[in-house]
Structures are given as C-alpha cells and as structure tokens.
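Inspection log for the structure reproduced underneath, given as structure tokens.
Every read-out reported here was derived from the displayed coordinates using simple, explicitly stated rules and does not represent laboratory data. Please read all numbers here as calculations on a predicted model, not as lab measurements. Please note: Cβ atoms are built from the backbone with ideal geometry, for glycine as well, and neighbour counts cover all protein chains shown.
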Amino acid sequence: MKKIAAALLAVSCFSSSVVAHEAGEFFFRVGSATVRPNESSNNVLGMGSFNVDNNTQPGFTFTYMATDNIGVELLAATPFKHKVGLGPTGDLATVHHLPPTLMAQWYFGDAGSTFRPYLGVGVNYTMFFDNKFNDTGKESGLSDLSLKNSWGVAGQAGVDYLIDKNWLINASVWYMDIDTEVKFKAGGARQSISTQLDPWVFMFSAGYRF
Ligand code: NI
C-alpha cells in the first residue's frame with residue numbers, strides 16, 4: 001500500500017508540475033491596454049492631417065487552447081476615448097471606439113514550459129461611437145461628426161509567464177490595421193477625410209487558467 005501511495009503521490013506531483021498551457025484549456029487575462037495610434041490622413045481643410053492622442057483602458061483577453069501550441073483569442077476592452085485635432089487649431093473633437101480582435105495564435109514551447117512566447121494573426125473590427133466636436137470645433141463651424149467602422153488585419157506578439165497551475169503574468173503587443181472615413185460638415189459643406197489610425201496596442205496583464 002505504501003508503495004502505491006508513493007507512486008500516486010509521485011504521479012500527482014508530476015502532473016501538478018505541468019503548469020503550462022495545454023489542449024482544451026481556457027484562460028483569461030485582465031490588465032491595462034494602451035492604444036497608440038500611428039495616425040495619418042488626407043489634408044483637412046488645408047490645415048494638415050489629424051492628430052489623435054493615446055488612450056489606456058482596462059483590457060481583457062479570453063483564450064482557448066485547441067492544442068498545446070495553438071490558441072484562439074478574443075481581445076475586449078472598455079471603450080477607448082481619443083482626442084482628435086489639427087496642428088493649427090488644437091483639439092477639435094472626442095471619439096470613442098471598441099476594437100474587438102480575434103486572433104489565431106502559435107505558442108512556442110510545450111505544456112511543461114514556464115515561459116510561453118506566442119505570435120498571432122487575426123482580424124480586428126473597430127466600432128466608432130459617441131463622436132462629438134468640442135467647443136473649439138463647434139466655434140469653427142464644424143458639425144455632424146461620424147466615423148466609418150473598420151475591418152482590418154491584426155498581428156500580435158506576446159509572452160506568458162506561468163507562475164503556477166492557475167496564475168500567469170503577460171505582456172503583449174498588437175498591430176491593428178484600422179482605416180476609417182471621418183465625415184463632418186464644415187460651414188455646412190460635407191467633408192469626408194480618409195484616415196488611418198493603424199495603432200500599436202500594448203497590454204500588461206495577469207491571467208487565470210481553468
Ligand atoms: Ni491602415
């Protein structure tokens with residue numbers, strides 16, 4: 001009996017030492033997500049291209065491991081809020097968006113590795129909403145702001161450090177191709193400005209696996 005108990009103990013110790021991502025597992029990560037646009041646009045009313053500032057929000061990822069190496073991940077966040085302006089005028093408007101992103105991922109290493117670096121490729125959908133000119137914009141005769149929603153390709157690199165069977169810490173970065181049309185009226189005349197946001201998104205998070 002003692003020998004069997006020792007063998008069972010050895011087996012359970014061995015299996016609990018398998019701390020890394022494995023097939024069939026779900027995990028989620030919660031942390032900070034920062035969107036840093038690499039913005040460019042057509043010339044706006046002869047005043048150059050749009051400037052868009054950075055924004056940080058709580059970010060969440062949900063991942064399913066299809067095999068020990070292949071994951072499928074959904075990125076979600078609370079709405080990002082950016083100020084948009086022009087060099088000569090300063091900030092003119094505030095826009096909000098949600099950029100859910102679905103990735104297919106390859107995790108390097110195996111189910112026994114403590115570090116699991118990964119690469120991913122996928123698709124981003126960015127929904128713009130609650131877009132408003134501020135007082136400077138309104139005083140400049142601007143109104144009726146809207147931004148076209150965007151579908152685009154996303155790429156990703158990240159690393160998980162597996163602390164124990166349940167907990168991990170993570171750092172990851174995405175590049176998202178987000179292109180939109182910024183539509184508004186200037187002194188009553190309709191404008192449509194082709195605009196690229198193409199941000200880097202940085203996330204630092206803690207994860208829980210089950
Ligand atoms: Ni683009």
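Taking the C-alpha atoms only, the angle from helix 2-16 to the longest principal axis of the chain is near 10 degrees.
Determine by what factor the alpha-carbon radius of gyration of region 2-209 differs from 2.2 N^0.38 Å, reporting the quotient. Display every interim value, and only then the final one.
Working: Rg = 22.3 Å, N = 208, 2.2 N^0.38 = 16.7 Å.
Rg over 2.2 N^0.38 Å, computed on Cα atoms: 1.33.
Under the simplified labelling scheme, the Trp151-Asp130 pair shows an inter-label distance of 2.7 nm, with each label point 7 Å from Cα along Cα→Cβ. Listed by chain and number, the aspartates and glutamates whose C-alpha is less than 12 Å from the C-alpha of Lys165, apart from same-chain residues fewer than 8 away, are Glu22, Glu25. Students often get this wrong: which residues of region 161-179 have the backbone nitrogen under 18 Å from the point 7 angstrom along Cα-to-C-beta of Phe115? Residues 161-164, 168-173 qualify, since their backbone N sits under 18 Å from the label point.
The label point for Ala23 and the one for Phe62, both projected 7 Å from the Cα toward the Cβ, are 2.4 nm apart.
At a 10 angstrom cut-off on C-beta neighbours, averaged per residue, how do the peptides 181-188, 157-164 rank from highest to lowest?
On the way: 181-188: 15.0, 157-164: 17.2.
Highest to lowest by the protection proxy: 157-164, 181-188.
From a point 7 Å beyond the Cα of Asn43 in the direction of its Cβ, which residues of region 155-195 have a backbone N at a distance under 12 Å? Taking a point 7 Å out along Cα→Cβ of Asn43, no residue of region 155-195 has its backbone N under 12 Å.
Do you know the relative contact order of region 69-205, to the nearest whole percent, from alpha carbon pairs under 8 angstrom that are 6+ apart? Walk me through the numbers before you get to the answer.
On the way: 344 pairs, mean separation 25.9, N = 137.
Across region 69-205, relative contact order equals 19 percent.
Computed from label points 7 Å out along Cα-Cβ, the spacing between Val159 and Glu139 is 5.0 nm.
Near Lys148, which aspartates and glutamates are there with a Cα under 13 Å away, not counting those fewer than 8 places off in the same chain? Lys148 reaches Asp130, Asp179, Glu181. The phi-based Karplus calculation (6.51 cos²θ - 1.76 cosθ + 1.60; θ = phi - 60°) puts the 3J(HN,Hα) values of region 144-152 at 6, 7, 8, 10, 6, 5, 10, 10, x Hz, whole numbers, x for Gly and Pro.
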